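**Q** Below you will find the structure I want to go over with you.
The values are calculated or read from the model by the stated rules, or taken from the named source; none is laboratory data. Computed from a predicted model, the values in this text were never measured in an experiment. Glycine also receives a Cβ, built like all others from the backbone with ideal geometry; neighbour counts cover every protein chain displayed. All accessible areas refer to the heavy atoms of the entire protein, side chains included, with ligands and DNA or RNA removed. Shrake-Rupley method; radii C 1.70, N 1.55, O 1.52, S 1.80 Å.
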Amino acid sequence: MPILNKVEVLVGDITQLDVAVIVNAANSQLAGGGGVDGAIHEAAGYRQLQEACAVFGGCPTGDVRLTPSFNLPSKAIIHAVGPIWRGGEQGEPDTLRSCYRKAMAVAAKEGFESIAFSAISCGVYGYPHELAVVIAVNEVVCCLAQDSTVKKVIFCCFGEEMADLYRQRLKNATV
Ligand code: APR
């Protein structure tokens, strides 16, 4: 199957998706919060998910941790800690790239065939959307080219504006 056929853009609530694993935009304490993290905690079951996260004692920025997803339709959650945007000269692109690469590596290692990403760092962490989308698409396409375990990647957006950016970028993507 051509690689770009494995990638889909969806507008909706990531907590509702029936995929093997969803990717949360977490903080480095894995302490829960607002945005997509809050929605995931609420839907998964706040107490159980916090207990599962507490085992790790946090997670460095640019890295990911895997937990069960409890009450969600997905099997598991990958918590990715994206960078806070500080103007782009503080390593933000590499750190964001690392979140996507590590999430794809965990999915492949665990044998998860479908994965849905939230737009890591694109909310309160302030990453410019156009720049984040280029990184997300490039890194995911690159990972799909290197390992065939993952058969479906969904970029789950909370609005049409964000979804359009992904669609545009995918149109221009080269594999
Ligand atoms: N489903 C899909 N996407 C969602 C949902 C949802 N239910 N809720 C919010 N989003 C989108 C936002 O519109 C944004 O595009 O997720 C993207 C990421 O935004 P944030 O959740 O603010 O994540 P981020 O910018 O990475 O900031 C992380 O926010 O609350 C916290 O604990 C979290 O401290 C961490 C910080």
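**Q** Please compute the length gained on full extension between Val124 and Ala105, using 0.36 nm multiplied by the number of residues separating them and subtracting their Cα-Cα distance.
**A** Gain on extension, Val124 to Ala105, equals 4.3 nm.
**Q** Ignoring ligands, DNA and RNA, what percent of the accessible area of the chain is carbon or sulfur (1.4 Å)?
**A** 51 percent
**Q** I've got another one for you. Within the chain, what percent of beta bridges assigned by DSSP are antiparallel, to the nearest 5?
**A** Given both bridge residues lie in the chain, the antiparallel proportion sits at roughly 20 percent.
**Q** If you count only protein heavy atoms with a 1.4 Å probe, what accessible area per residue comes out for the range 3-172, rounded to a whole Å²?
**A** On the way: 7630 Å² over 170 residues.
Result: 45 Å² of accessible area for each residue.
**Q** If R0 is 22 Å, what FRET efficiency do you get for Ala54 and Gln90 from their C-beta distance, rounded to 0.05?
**A** It comes to 0.20.
**Q** I would also like to ask the following. Ordered by residue, what ³J(HN,Hα) values in Hz, to whole numbers, does the range 40-50 give under the Karplus form 6.51 cos²θ - 1.76 cosθ + 1.60, where θ = phi - 60° and Gly and Pro are x?
**A** 5, 4, 5, 6, 6, x, 4, 5, 5, 5, 5
**Q** Using the reciprocal of the averaged 1/r over all distinct C-alpha pairs, how large is the Kirkwood radius of the range 1-149 in Å?
**A** Its Kirkwood hydrodynamic radius stands at 15.3 Å.
**Q** Moving on to the next point. May I ask you to rank Lys102, Lys109 by accessible area, largest first, using a 1.4 Å probe over the protein chains only?
**A** Values: Lys102 80, Lys109 170 Å².
Listed by decreasing accessible area, they come as Lys109, Lys102.
**Q** Check which residues have an amide H placed less than 5 Å from Ala116's amide H, if you skip close sequence neighbours.
**A** Residues meeting the amide H criterion: Val21, Ile22, Val23, Ile154.
**Q** Could I ask something else about it? For Glu160 and Met1, what does the FRET efficiency come to when R0 = 25 Å and r is the distance between their Cβ atoms, rounded to the nearest 0.05? Provide the component values of the computation, followed by the final result.
**A** Details: r = 27 Å, r/R0 = 1.08.
Efficiency at R0 = 25 Å is approximately 0.40.
**Q** So, in Å, what gap is there between the alpha-carbon centers of the range 109-175 and the range 26-75?
**A** Here the answer is 20 Å between Cα centres.
**Q** While we're on this one: Tell me which residues come under 5 Å, amide H to amide H, from Gly32 once H is placed; ignore anything under 5 positions away on its chain.
**A** Counting only residues 5 or more places away or on other chains, the set is Asn27.
**Q** Next up: Give the share of C-alpha pairs in each 10 angstrom bin for the range 35-90, from 0 to the last occupied bin, in whole percents, shortest bins first.
**A** Per 10 Å bin, starting at 0, the Cα pair percentages come out as 22, 50, 20, 7.
**Q** Further question on the same structure: For Asn138 and Val175, calculate 0.36 nm times their separation in residues minus their Cα-Cα distance, and state this gained length in nm to one decimal.
**A** Details: separation 37, 0.36 × 37 = 13.32 nm, distance 0.90 nm.
Value of the extension gain: 12.4 nm.
**Q** Which parts of the range 144-158 would a label at Val11 reach, counting a residue when its backbone N lies under 14 Å from a point 7 Å out along Cα-to-Cβ?
**A** 156-158
**Q** Just to check I understand the Karplus step: with θ = phi - 60° and J = 6.51 cos²θ - 1.76 cosθ + 1.60, what whole-Hz values come out for the range 21-36, glycine and proline as x?
**A** 8, 10, 10, 8, 9, 9, 10, 6, 8, 6, 9, x, x, x, x, 5
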